[in-house]
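A.B. asks: Below you'll find the structure I mean.
The values are calculated or read from the model by the stated rules, or taken from the named source; none is laboratory data. This one's a predicted model, so the numbers in the text were calculated from it and none came from an experiment. Here the Cβ positions follow ideal geometry from the backbone for every residue, glycine too, while neighbour counts run over all protein chains shown.
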Amino acid sequence: MKLLIVVEKTATGYSAYSPDLEGCIATGPNRDDVERSMREAIEFHLDGLRQEGHKVPEPHTYATYVEVAA
């Protein structure tokens, strides 16, 4: 399964979330760590959904860039 994550720089490192998985977030001191932590958080989140008998949501978001005059 391929899920979009959004990674943002913070004052103390990086944070990440997935728009497809409400409440699933991670933090880390650098990009590599936050991406690894987010992958682990997603796996944990999906396991929890399955254990509770919920369906795993299908990914529905995507990312793109648009150009505008600055």
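A.B. asks: Read through the list (1) exposed (fewer than 12 other Cβ atoms within 10 Å of the Cβ); (2) in contact with a Leu (Cβ under 7 Å, 6 or more places away or on another chain); (3) of a type outside the set (Gly, Ala, Ser), then give the number of the only condition that PRO19 fails.
C.D. replies: Every listed condition holds for PRO19 apart from (1).
A.B. asks: Moving on. Can you pull out every residue in the range 11-45 that is among the charged types (D, E, K, R) and over 24 Å from VAL56 (Cβ atoms)?
C.D. replies: Of the residues in the range 11-45, the ones among the charged types (D, E, K, R) are 20, 22, 31-33, 35-36, 39-40, 43.
Selection gives ARG31, ASP32, ASP33.
A.B. asks: Does HIS45 count as touching an Asp or Glu at 6+ places or on another chain (Cβ under 9 Å) and touching a residue at least 12 places away in the same chain (Cβ under 8 Å)?
C.D. replies: Working: touching an Asp or Glu at 6+ places or on another chain (Cβ under 9 Å): no; touching a residue at least 12 places away in the same chain (Cβ under 8 Å): yes.
In short, no.
A.B. asks: Among the numbered criteria (1) out of contact with any Lys or Arg (no Cβ under 9 Å at 6 or more places or on another chain); (2) in contact (Cβ under 8 Å) with a residue 12 or more places away in the chain; (3) among the β-branched types (Val, Ile, Thr), which one does VAL66 miss?
C.D. replies: Single failed check for VAL66: (2).
A.B. asks: Can you spot a residue in the range 28-41 that is surrounded by 17 or more Cβ atoms within 10 Å (Cβ to Cβ) and in contact with a helix residue (DSSP H, G or I) (Cβ under 8 Å, 6 or more places away or on another chain)?
C.D. replies: Scanning the range 28-41, I find at least one residue that is surrounded by 17 or more Cβ atoms within 10 Å (Cβ to Cβ) and in contact with a helix residue (DSSP H, G or I) (Cβ under 8 Å, 6 or more places away or on another chain), so the answer is yes.
A.B. asks: Still on this model: Can you tell me which residue in the range 20-45 is nearest to LYS2 (Cα to Cα), limited to those that are among the polar types (S, T, N, Q) and under 13 Å from the mean Cα position of the chain (by Cα)?
C.D. replies: Here the answer is SER37.
A.B. asks: Oh, and also: Are any of the residues in the range 46-55 part of a helix (DSSP H, G or I) and either under 13 Å from the mean Cα position of the chain (by Cα) or closer than 12 Å to LEU4 by Cα (or both)?
C.D. replies: Within the range 46-55, one or more residues are part of a helix (DSSP H, G or I) and either under 13 Å from the mean Cα position of the chain (by Cα) or closer than 12 Å to LEU4 by Cα (or both).
A.B. asks: Looking at this structure, is GLU40 at pLDDT below 95 and not hydrophobic (A, V, I, L, M, F, W, C)? Even if it seems obvious, please write down each step before you answer.
C.D. replies: Numbers: at pLDDT below 95: no; not hydrophobic (A, V, I, L, M, F, W, C): yes.
The answer is no for GLU40.
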